[in-house]
Amino acid sequence: MLRDITLGQYYQTDSVIHRLDPRVKLVGTLLFIVSLFVVDNFIGYAIAAAFLLVVIKLSKVPFKFMVRGMKAIVFLLIIAVIFNLFLTPGEVVFSVWKIQITKEGIYLASFMAIRLIFLIMGSSVMTLTTTPNQLTDGLEKLLNPLKIFKVPVHEIAMMMSIALRFIPILLEETDKIMKAQIARGADFESGNLIKKAKSLVPLLVPLFISAFRRANDLATAMEARCYRGGDFRTKMKPLIYQKRDRWAYVVCWFYLSLCIIIGRVLL
Amino acid sequence: MSIILNHVNHIYEEDTAMAFPALTDINLEIPDGQFIGLIGHTGSGKSTLVQHLNGLLKPTSGEIYYNGADINEEGFNKKELRSKVGLVFQYPEHQLFEIDVFSDVCFGPKNLGLEKKEVELRAYTALKQVGIADEYFYQSPFDLSGGQKRRVAIAGVLAMKPEVLILDEPTAGLDPKGRDEILDQIAKLREETGMTVILVSHSMEDVAKYVDRIIVMNKSRVLFDDVPKEVFRHYKELEKVGLAAPQITYIMQELKAKGLNVDTDITTLEEAKEAILKALGKK
Ligand SMILES: Nc1ncnc2c1ncn2[C@@H]1O[C@H](COP(=O)(O)OP(=O)(O)OP(=O)(O)O)[C@@H](O)[C@H]1O
Ligand SMILES: [Mg+2]
């Protein structure tokens with residue numbers, strides 16, 4: 001049940017996308033997200049969809065995994081769609097009693113839905129094909145120039161990678177504790193909202209305790225290995241751009257330019 | 001009255017590249033009142049198997065019957081099943097959450113919808129059964145030692161008065177004394193109540209002394225299912241799957257090989273002592 005959330009979970013297989021430099025994937029994802037907000041017509045979204053599909057195909061990650069991540073945002077999606085659908089003023093297409101659906105509302109709602117779905121899918125592709133370690137390395141390298149402004153880049157990257165790494169662990173733990181309490185007759189599903197919230201106590205208390213315990217253990221383990229932050233640390237596998245990475249950059253920038261031209265200039 | 005598993009298979013993450021068969025064609029019958037040891041190397045599927053017995057996991061294919069009713073059939077009362085088949089998880093101390101020991105043990109029976117008096121009576125009895133002294137009842141469960149926490153967690157399941165008690169590695173991470181104490185208490189409990197007990201373990205030594213039947217799992221399958229004596233006869237095969245017969249079995253085998261006429265089916269220290277004395281006396 002909880003395993004359905006794929007964000008932050010690596011899918012192990014060998015593909016072109018998996019082998020790309022994490023910096024390319026980070027920048028690529030960013031460009032993809034930007035492109036989603038640049039375009040505002042269906043042709044633009046068709047291009048985005050095509051781009052996304054090709055990347056997913058290349059990544060060899062089963063499509064099911066992308067969709068699984070979606071379950072987590074279904075609620076958000078529905079709310080966004082409903083608000084946009086009913087509350088956008090404009091040319092009325094359809095009205096019942098006081099509720100009016102406008103042409104603009106339909107457009108906005110569908111754009112919003114498409115954007116959200118693509119956004120999650122796009123970032124899922126990144127996290128599914130990049131290990132948390134690679135991701136941090138990439139991020140650290142990309143943000144390195146900020147060190148001039150005394151931004152603790154290494155520490156931020158470290159914190160991020162730990163957080164990402166812990167998502168699946170905590171999910172597994174949640175699953176385990178949930179099962180243990182269900183075995184003791186706990187009921188997480190039925191009842192009204194208050195009862196449901198109350199039923200979470202037997203889940204949350206052990207979960208927090210275990211999270212703190214893990215954090216503590218990790219800190220001790222890091223200290224025992226003389227970890228002391230970013231300065232003077234060298235990498236075992238430094239990131240070096242390959243030919244395919246340069247090409248990937250070209251493709252990504254080309255894609256964004258295409259979106260801008262189609263989305264803004266032509267129409 | 002029994003639990004029956006019929007061709008049960010379980011595959012984790014089915015339909016993905018990570019698909020993993022954790023149970024393959026499991027057929028078992030667990031009659032009332034038996035004391036069973038479920039043994040296997042790490043990752044052999046023991047925990048997966050026991051989670052099927054109270055309906056926490058659904059088999060990918062195959063059926064499980066409790067007292068003749070298919071537990072995964074529509075309309076089967078799983079909540080009732082879980083009160084009848086009590087499952088104590090691996091490292092159960094991680095599930096404690098209440099402000100004091102006593103309320104934590106009350107959680108199970110309270111969920112059964114019993115009256116307050118009955119709930120408290122059961123919690124009290126259960127805590128006594130696992131040997132927790134009164135002075136700990138109103139302490140925070142987090143202030144107890146590891147072994148004590150483990151007992152409180154076991155009491156939490158006992159308080160539901162299950163007919164079948166399943167313990168998933170109840171002795172993991174305990175010192176030898178703590179281990180023996182907990183196992184002795186479980187054995188005593190079983191004698192008093194006559195409930196079915198399934199004890200999951202890595203160690204033959206642990207279970208040999210107590211159980212009537214041993215089920216050995218290896219790589220998602222049942223490898224042996226017999227009385228301890230018979231299972232230990234296969235000590236060479238057991239070694240191949242990362243397990244071992246109790247040390248005493250090896251000693252008896254060695255003695256026999258050296259020409260001392262002893263019974264090699266012996267599984268406990270006491271029996272061994274008698275057998276050796278007998279063999280020596282006859283000489
Ligand atoms: N939730 C899960 N998702 C995917 N695979 C799992 C899951 N739980 C267990 N497995 C896999 O199934 C196999 C059997 O696991 P199980 O926990 O049943 O083993 P076990 O015999 O209890 O081992 P141990 O002695 O270490 O507790 C393992 O290889 C494990 O990696
Ligand atoms: Mg286990």
> Pick from B:ALA172, B:ALA159: which is touching a residue at least 40 places away in the same chain (Cβ under 8 Å) and within 16 Å of ligand 2 (Cβ to nearest atom)?
Replying inline: B:ALA172
>> Looking for something assigned by TED's automatic domain parsing to the domain that holds A:ARG246, under 15 Å from A:VAL251 (Cα atoms) and touching a residue at least 24 places away in the same chain (Cβ under 8 Å) - is there at least one such residue anywhere in region A:2-19?
In response: yes
> In region B:60-97, how many are within 14 Å of chain A (Cβ to nearest Cβ) and of a type in the set (S, T, N, Q)?
Replying inline: 4
>> For region A:180-191, give me each residue that is in a helix (DSSP H, G or I) and open to solvent by 30 Å² or more (accessible area, probe 1.4 Å).
In response: A:ILE182
>> Suppose the filter is open to solvent by less than 60 Å² (accessible area, probe 1.4 Å), more than 16 Å from ligand 1 (Cβ to nearest atom) and within 14 Å of chain A (Cβ to nearest Cβ); does B:PRO170 pass it?
In response: no
>> Within region A:192-250, take every residue that is surrounded by 11 or more Cβ atoms within 10 Å (Cβ to Cβ) and part of a loop (DSSP other than H, G, I, E, B) and give me the one that is farthest from the other protein chains (Cβ to nearest Cβ).
In response: A:GLY230
>> With the requirement that a residue be at pLDDT 85 or above and of a type in the set (S, T, N, Q), what does region A:4-18 give you?
In response: A:THR13, A:SER15
> Any idea which of (1) buried (at least 21 other Cβ atoms within 10 Å of the Cβ); (2) over 19 Å from B:GLY33 (Cβ atoms); (3) within 14 Å of another protein chain (Cβ to nearest Cβ) is the one B:VAL130 doesn't satisfy?
Replying inline: (3)
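Looking at region A:33-51, which of its residues are touching a residue at least 60 places away in the same chain (Cβ under 8 Å) and either open to solvent by 80 Å² or more (accessible area, probe 1.4 Å) or within 16 Å of A:LEU20 (Cα to Cα) (or both)? Reasoning before the result, please.
Taking region A:33-51 and keeping what is touching a residue at least 60 places away in the same chain (Cβ under 8 Å), we get A:33-41, A:43-45, A:47-49, A:51.
Selection gives A:PHE37, A:ILE43.
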>> I'd like to verify a number: residues in region B:105-127 that are more than 9 Å from every other protein chain (Cβ to nearest Cβ) and surrounded by 22 or more Cβ atoms within 10 Å (Cβ to Cβ), how many?
In response: 6
>> For region A:14-32, give me each residue that is within 14 Å of chain B (Cβ to nearest Cβ) and either part of a helix (DSSP H, G or I) or open to solvent by 50 Å² or more (accessible area, probe 1.4 Å) (or both).
In response: A:ASP14, A:HIS18
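Just the residues that are within 14 Å of chain B (Cβ to nearest Cβ) and not basic (Lys, Arg), please, taken from region A:141-181. If you could, list the steps in order and put the result at the bottom.
First, pick out the residues of region A:141-181 that are within 14 Å of chain B (Cβ to nearest Cβ): A:168-181.
Scanning region A:141-181 gives A:PRO168, A:ILE169, A:LEU170, A:LEU171, A:GLU172, A:GLU173, A:THR174, A:ASP175, A:ILE177, A:MET178, A:ALA180, A:GLN181.
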>> Among the residues of region A:56-94, what is the count of those that are within 14 Å of chain B (Cβ to nearest Cβ) and of a type outside the set (Val, Ile, Thr)?
In response: 9
> Restricted to region B:200-219, and to residues that are within 12 Å of B:LEU243 (Cα to Cα) and modelled with pLDDT of 85 or more, which residue is nearest to ligand 1 (Cβ to nearest atom)?
Replying inline: B:MET217
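Just checking, which of B:LEU28, B:LEU23 is among the aliphatic types (A, V, I, L, M), away from every other protein chain (no Cβ under 11 Å), more than 16 Å from ligand 2 (Cβ to nearest atom) and closer than 28 Å to B:GLU239 by Cα? Walk me through it before giving the result.
Values: B:LEU23 fails: more than 16 Å from ligand 2 (Cβ to nearest atom).
Of B:LEU28, B:LEU23, the one residue that is among the aliphatic types (A, V, I, L, M), away from every other protein chain (no Cβ under 11 Å), more than 16 Å from ligand 2 (Cβ to nearest atom) and closer than 28 Å to B:GLU239 by Cα is B:LEU28.
Restrict the check to region A:95-104 and report whether at least one residue is in the same structural domain as A:ASP14 (by TED's automatic domain parsing), open to solvent by 40 Å² or more (accessible area, probe 1.4 Å), in a strand (DSSP E or B) and among the hydroxyl-bearing types (Ser, Thr, Tyr).
The first filter runs over region A:95-104 and keeps only residues in the same structural domain as A:ASP14 (by TED's automatic domain parsing), leaving A:95-104.
Still in the list and also open to solvent by 40 Å² or more (accessible area, probe 1.4 Å): A:95-100, A:103-104.
From what's left, in a strand (DSSP E or B): A:95-96, A:99-100.
Now restrict to residues that are among the hydroxyl-bearing types (Ser, Thr, Tyr): A:95.
Yes, region A:95-104 contains a residue that is in the same structural domain as A:ASP14 (by TED's automatic domain parsing), open to solvent by 40 Å² or more (accessible area, probe 1.4 Å), in a strand (DSSP E or B) and among the hydroxyl-bearing types (Ser, Thr, Tyr).
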>> I want to confirm something. Restricting to region B:245-268 and keeping residues that are out of contact with any helix residue (DSSP H, G or I) (no Cβ under 6 Å at 6 or more places or on another chain), among the hydrophobic types (A, V, I, L, M, F, W, C) and touching a residue at least 12 places away in the same chain (Cβ under 8 Å), which single residue is least open to solvent (accessible area, probe 1.4 Å)?
In response: B:MET252
>> For region B:35-85: of the residues being of a type in the set (D, E, K, R), open to solvent by 50 Å² or more (accessible area, probe 1.4 Å) and closer than 17 Å to B:VAL8 by Cα, which is farthest from ligand 2 (Cβ to nearest atom)?
In response: B:GLU73
> Which condition does B:VAL227 not pass, out of (1) more than 16 Å from ligand 1 (Cβ to nearest atom); (2) buried (at least 17 other Cβ atoms within 10 Å of the Cβ); (3) of a type in the set (A, V, I, L, M), if it passes all the others?
Replying inline: (2)
> If B:GLN95 passes every condition in (1) within 15 Å of the chain's Cα centre (by Cα); (2) under 16 Å from A:GLY185 (Cβ atoms); (3) buried (at least 22 other Cβ atoms within 10 Å of the Cβ) but one, which one does it miss?
Replying inline: (1)
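Report whether or not B:ASN218 is more than 28 Å from B:PHE20 (Cα to Cα) and of a type in the set (S, T, N, Q). Walk me through it before giving the result.
Values: more than 28 Å from B:PHE20 (Cα to Cα): no; of a type in the set (S, T, N, Q): yes.
Considered against the rule, which asks whether it is more than 28 Å from B:PHE20 (Cα to Cα) and of a type in the set (S, T, N, Q), B:ASN218 comes out as no.
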> All but one of (1) open to solvent by 70 Å² or more (accessible area, probe 1.4 Å); (2) farther than 24 Å from B:PRO92 by Cα; (3) within 12 Å of ligand 1 (Cβ to nearest atom) hold for B:TYR12; which doesn't?
Replying inline: (2)
> Of the residues in region B:24-61, how many are under 20 Å from A:ILE182 (Cβ atoms) and either within 8 Å of ligand 1 (Cβ to nearest atom) or within 18 Å of the chain's Cα centre (by Cα) (or both)?
Replying inline: 12
>> Please verify whether B:HIS234 is within 16 Å of ligand 2 (Cβ to nearest atom) and open to solvent by 50 Å² or more (accessible area, probe 1.4 Å), treating the condition exactly as stated.
In response: no
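The values are calculated or read from the model by the stated rules, or taken from the named source; none is laboratory data. Please read all numbers here as calculations on a predicted model, not as lab measurements. As a convention, Cβ positions derive from the backbone with ideal geometry for all residues, glycine included, and neighbour counts pool all protein chains shown. Each accessible area value is taken on the protein alone, full model and side chains, heavy atoms only, with ligands, DNA and RNA left out. Shrake-Rupley method; radii C 1.70, N 1.55, O 1.52, S 1.80 Å.
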